[in-house]
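All remarks here apply to the structure that follows.
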Amino acid sequence: CESNFKATNQIKSLQKFKHLDDTGIFGSTCRHGIPLKFLNLRNMGERYVLAECLIDHFQQQFSKSNQKFIFLYDIACFLDAHIANPNNILYPYRERFTWAVSIFHAYAHTSKCQQKYHPRVIKSVGLTDGE
């Protein structure tokens, strides 16, 4: 899927926002839409480190090992593979995470990716759309 998405192209992202100090906001809500944690983006585009920062924050805040998380993200398939690297700081906690691609982005992914990450095929996601 990677070649299809602007969010994975760091060079293009940096060029697009080179004249702006604040380039966006990156954040997370609960499945009911209540804001939990947001980060202001300064001089950067979307990067894995932003998602990793939020995930690390939540796994520390909800530290009981039996607490599970479902993350819906535009490029969750890439983030899942990224965190599956044994050198990643979140690797020891990966069993706590379930990944899904946000509903409006899911259809831009390959059929193989949709079979694994589409929110309608993942148990416990229900009608949560991740947008």
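In table form, for the structure just shown:
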quantity	calculated
Within the stretch 35-131, strands (runs of 3 or more DSSP E) holding 3 or more residues that are surrounded by 16 or more Cβ atoms within 10 Å (Cβ to Cβ)	69-73, 97-101
Test: residue in the stretch 44-62 that is closer than 18 Å to G27 by Cα, in contact with a Gly (Cβ under 6 Å, 6 or more places away or on another chain), at pLDDT below 85 and not basic (K, R)	no
The stretch 75-129, residues that are in contact with a Gly (Cβ under 9 Å, 6 or more places away or on another chain) and under 16 Å from C30 (Cα atoms)	A100, V101, S102, I103, P119
Output for the stretch 34-74, where each listed residue is out of contact with any helix residue (DSSP H, G or I) (no Cβ under 6 Å at 6 or more places or on another chain) and small (G, A, S)	S63, S65
Boolean, E131 is under 17 Å from H57 (Cα atoms) and among the acidic types (D, E)	no
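Yes/no per residue for (1) more than 15 Å from L54 (Cβ to Cβ); (2) at pLDDT 80 or above:
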residue	(1), (2)
F78	yes, yes
A84	yes, yes
S102	no, yes
H105	yes, no
C113	yes, yes
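The values are calculated or read from the model by the stated rules, or taken from the named source; none is laboratory data. On a predicted model such as this, the values are computed, not experimentally measured, just so you know. Because the Cβ atoms are built from the backbone with ideal geometry, glycine has one as well, and the counts that use them run over all protein chains shown.
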